[in-house]
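All remarks here apply to the structure that follows.
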Amino acid sequence: MEMNTTYELYGAPTGNCIRAAIALEEAGLPYTVRSVDLANGEHRSAAYLALNPAGKVPVLVERQESGPPVVITQSNAIILYAAERARGRLLPDDSLARAVVYERFFFFVTDVIAVSHAAFFLRDAADPAGQALLVERMFAALESAERFVSDEPYMAGKTFSIADIAAFTITQSVMSQLPWDQLPNLRRWYEHVEARPALTRGLRVFNPG
């Protein structure tokens, strides 16, 4: 990390924002939390739209003593950026091991999280049949992750990585609906990851109570 570098994370209590916060905590990057009041439309204010014209959260702003700020407006990009800044803490140095991390990370992002988001969209669009189909697909993909942790403690091997960050928050959001008695490896992984102090801090950033 560069000298005199500061970070600001703009967000709200959403899955995307919480994943970004966990990544910063696990990367050991000190940052300031900037809560965005979505209910009152703060994400549509002129000041916020100047940061992210799409009016979405989260946003990460990196400021250095010299040069313009770096503004990142996509949660997965924030996670990857934090991992690069962490110097081996969330991404392994070995290229093959890193490829496995990327594979598992994008599995959860595309096959589980994105499908879940699409299901919410269909619910709001009053398409219950389409929503049910996507929810079924999402659960099937998530439950298949049992195989990732059958022989290893983490989703992509022996060390905690961005793959675990992507996996944890979506698992937490539906944990009451999972057939845990059929997923002993996933349960073991979940309980192990849940106990991490940095992850716990990230979970509470936008839910301090």
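Here the dipole of the stretch 38-89 is about 140 debye; that uses its Cα centre as origin and unit charges on the Cβ of Lys and Arg (positive) and Asp and Glu (negative). Simple point charges give the picture: +1 on the Cβ of Lys and Arg, -1 on the Cβ of Asp and Glu, and for the stretch 1-115 a dipole about the Cα centre of about 180 debye. For the stretch 73-89 and the stretch 154-209, write down the distance between their C-alpha centroids in whole Å. Each part reduced to its Cα centre gives a spacing of 18 Å. One chain, two ends: Leu133 and Ser173. Fully extended at 0.36 nm per residue, the span grows by 12.6 nm beyond their Cα-Cα distance. Each of Ala54, Gly67, Ala77 was placed along the dipole of the stretch 42-91 (beta-carbon charges, centred on the mean Cα), and the one lying farthest toward the positive end is Ala77.
Using Cβ counts within 10 Å as a stand-in for footprinting exposure, how do Thr6, Thr32 rank, fewest first? Walk me through the numbers before you get to the answer.
Working: Thr6 14, Thr32 10.
The order, fewest Cβ neighbours first, is Thr32, Thr6.
Computed across the stretch 75-149, the Kirkwood hydrodynamic radius from all distinct Cα-Cα pairs reaches 14.0 Å. Remark on the chain: Rg and Dmax equal 17.5, 55 Å (Cα only). What would the Debye equation give as log₁₀ I(q)/I(0) for the stretch 104-209 at q = 0.11, 0.23 Å⁻¹, counting only Cα atoms as equal point scatterers? Per q value, in the given order, log10 I(q)/I(0) is -0.36, -1.26.
Arrange Trp189, Trp180 by Cβ neighbour counts within 10 Å, fewest through most, would you?
Listing Trp189, Trp180 from fewest to most nearby Cβ atoms yields Trp180, Trp189.
Counted over the stretch 4-63 with a bin width of 10 Å, the fraction of Cα pairs per bin, in whole percents, is 24, 54, 21, 1. Computed over the chain with a Gaussian network model linking Cα atoms closer than 10 Å, the most mobile of Ser35, Ser161, Ser66 is Ser66.
Given springs between every Cα pair under 10 Å in a Gaussian network model of the chain, which of Met175, Met155, Met138 has the largest fluctuation? Its mean-square fluctuation being the largest, the pick is Met175.
To the nearest 20 Debye, how big is the dipole of the stretch 51-209 about its Cα centre, given +1 on the beta carbon of each Lys and Arg and -1 on that of each Asp and Glu? Please report the intermediate quantities before stating the final value.
Numbers: 16 positive and 18 negative charges, 93 e Å.
Using only the charged Cβ atoms, the result is roughly 440 debye.
The mean sequence distance of close C-alpha pairs (under 8 Å, at least 6 residues apart), as a share of the length of the chain, puts its relative contact order at 25 percent.
All of the numbers you see were taken from the coordinates with simple rules; none came from a lab. Quick caveat, the model's predicted, so the values are computed rather than measured. Glycine also receives a Cβ, built like all others from the backbone with ideal geometry; neighbour counts cover every protein chain displayed.
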